[in-house]
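> Quick one: structure below, then a few questions.
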Amino acid sequence: MSPTFATGTVDLQRHARGENVWLRAAGSDEQSVLNGLRAQQLNYRVLDSEEAVGRAMLDEIIESAGEKSGDLTIVLLGGRGAQALHRLIGEKAKTDELDTLLARLNVFTQDALAPMRADNPFSFVRDFERLLGPAFFKKVRSFNSMNTEATDLEAEFADYLTRLEQSEGIDIFFLGLGPEANAASHLCYIRPGSGATAIDIGGMIPISPGLIEHHITKFKAGGAAISETGEQECRNASHILTLGPAPMLRAKKIVQSIADADTAPAKVASFKRLIESPIAEDGFARAAQVDENPGLWIRLHDNVRSYVLSNVVPS
């Protein structure tokens, strides 16, 4: 595929960092965007159960819906951190309680392993279908997911990013926190050293064996109906498709949930480093810092709600 290409009304430019491929809006200025961001402390709220975290996340959606008219656009979080929210919405979707809200809701997903069949039990889309249920998908205004079965994954991914860019803006970007070596962390699947910058909309990152194990472990812990065939296909995936820092930073609000330190105990050290690290003021030093520890991107957004369980917070 060509280094620069037009998709719809959005011109995307391709750049690579090693084997990592990132797509950004053509003409964007990385340093001016990064220098214009003000570092924030992460003010988090400790809740007593995953169900309480799920209720708080749903309350954030309802609050945002009440602050505007028309469509509401959210980016869903996959994996264990948001499963309580998905179960709660799925149950309410069987009634008429959220019908008006769901009719306004445009949903995008934030990452995916590829290549992989959409019906693989280890795919985020299959997990969303399992937890949100058929009633949700009948009532929601739109549900947009990454096509992980395409012959040309990069071209299909560019089309997906274009749809996101052409939306009216992200009202809520849901995030978790993935543990990495040296107490670093990832958001979406922006890995340390992958070269993501403040203007990158999305990227394709080669998969590491450790990440595959983390992905499979959290799906098994979350109750996915696994199969040997599905697990083998998951292990054969070569790339992660992930949203980048740009849509995250432009979202009106970020809602973070961390609810699975019991199955991923390394999150405790990662969370400690996230909340305690001073953010560099110099733009070039800051770029190096968030590349080494991508979890810190959340500290550059000025409207973040973070909900965690007590087992995440360092003693």
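> Filter the range 92-134 down to the residues that are of a type in the set (A, V, I, L, M, F, W, C), under 25 Å from residue 66 (Cβ atoms) and not in a strand (DSSP E or B) and list them by number. Don't jump to the end; show me each part of the working.
Going residue by residue through the range 92-134, those that are of a type in the set (A, V, I, L, M, F, W, C) are 93, 98, 101-103, 105, 107-108, 112-114, 116, 118, 122, 124-125, 128, 131-132.
Next cut, under 25 Å from residue 66 (Cβ atoms) only: 93, 98, 101-103, 105, 107-108, 128, 131-132.
Result: 93, 98, 101, 102, 103, 128, 131, 132.
> Among the listed residues 93, 82, which satisfies the condition of being closer than 16 Å to residue 133 by Cβ and at pLDDT 95 or above?
Going through 93, 82 in turn, the sole match is 93.
> Could we say that residue 72 is in contact with a Lys or Arg (Cβ under 8 Å, 6 or more places away or on another chain), under 25 Å from residue 162 (Cβ atoms), in contact (Cβ under 8 Å) with a residue 24 or more places away in the chain and not polar (S, T, N, Q) here?
yes
> Please note which helices (runs of 4 or more DSSP H) are completely contained in the range 206-261 and include at least 1 residues that are surrounded by 19 or more Cβ atoms within 10 Å (Cβ to Cβ) and of a type in the set (A, V, I, L, M).
Of the helices (runs of 4 or more DSSP H) lying wholly inside the range 206-261, those with at least 1 residues that are surrounded by 19 or more Cβ atoms within 10 Å (Cβ to Cβ) and of a type in the set (A, V, I, L, M) span 209-221, 245-250.
> Also, quick follow-up: Go through the range 267-287 residue by residue and tally those that are under 21 Å from the mean Cα position of the chain (by Cα) and aliphatic (A, V, I, L, M).
Total satisfying the criteria: 5.
> Only one of these is without any contact (Cβ under 8 Å) to a residue 40 or more places away in the chain, out of contact with any Gly (no Cβ under 6 Å at 6 or more places or on another chain) and not in a loop (DSSP other than H, G, I, E, B): 62, 89. Name it.
On the way: 89 fails: without any contact (Cβ under 8 Å) to a residue 40 or more places away in the chain.
Exactly one of 62, 89 is without any contact (Cβ under 8 Å) to a residue 40 or more places away in the chain, out of contact with any Gly (no Cβ under 6 Å at 6 or more places or on another chain) and not in a loop (DSSP other than H, G, I, E, B), namely 62.
> May I ask you to verify whether residue 163 is of a type in the set (Lys, Arg) and assigned to a helix (DSSP H, G or I)?
Against the criterion (of a type in the set (Lys, Arg) and assigned to a helix (DSSP H, G or I)), residue 163 qualifies.
> Inside the range 246-255, can you point out the residues that are closer than 19 Å to residue 45 by Cα and touching a Phe, Trp or Tyr at 6+ places or on another chain (Cβ under 7 Å)? Give the steps one after another, and end with the answer.
From the range 246-255, those closer than 19 Å to residue 45 by Cα are 253-255; that's our starting set.
The answer is 254, 255.
Residue-wise test of (1) of a type in the set (Asp, Glu); (2) free of Cβ contacts under 8 Å to residues at least 12 places away in the same chain; (3) closer than 20 Å to residue 80 by Cβ.
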{"site": "219", "(1), (2), (3)": "no, no, yes"}
{"site": "226", "(1), (2), (3)": "no, no, yes"}
{"site": "229", "(1), (2), (3)": "no, yes, no"}
{"site": "233", "(1), (2), (3)": "yes, no, no"}
{"site": "257", "(1), (2), (3)": "no, no, yes"}
{"site": "275", "(1), (2), (3)": "no, no, no"}
{"site": "283", "(1), (2), (3)": "no, no, no"}
{"site": "290", "(1), (2), (3)": "no, no, no"}
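> Suppose the filter is surrounded by 12 or more Cβ atoms within 10 Å (Cβ to Cβ), part of a strand (DSSP E or B) and small (Gly, Ala, Ser); does residue 39 pass it?
So residue 39 does not fit the description; no.
The values are calculated or read from the model by the stated rules, or taken from the named source; none is laboratory data. Just so it is clear, the structure is predicted and the values come from calculations on it, not from any experiment. Heads up, the Cβs are rebuilt from the backbone with ideal geometry, glycines too, and the neighbour counts pull from every protein chain shown.
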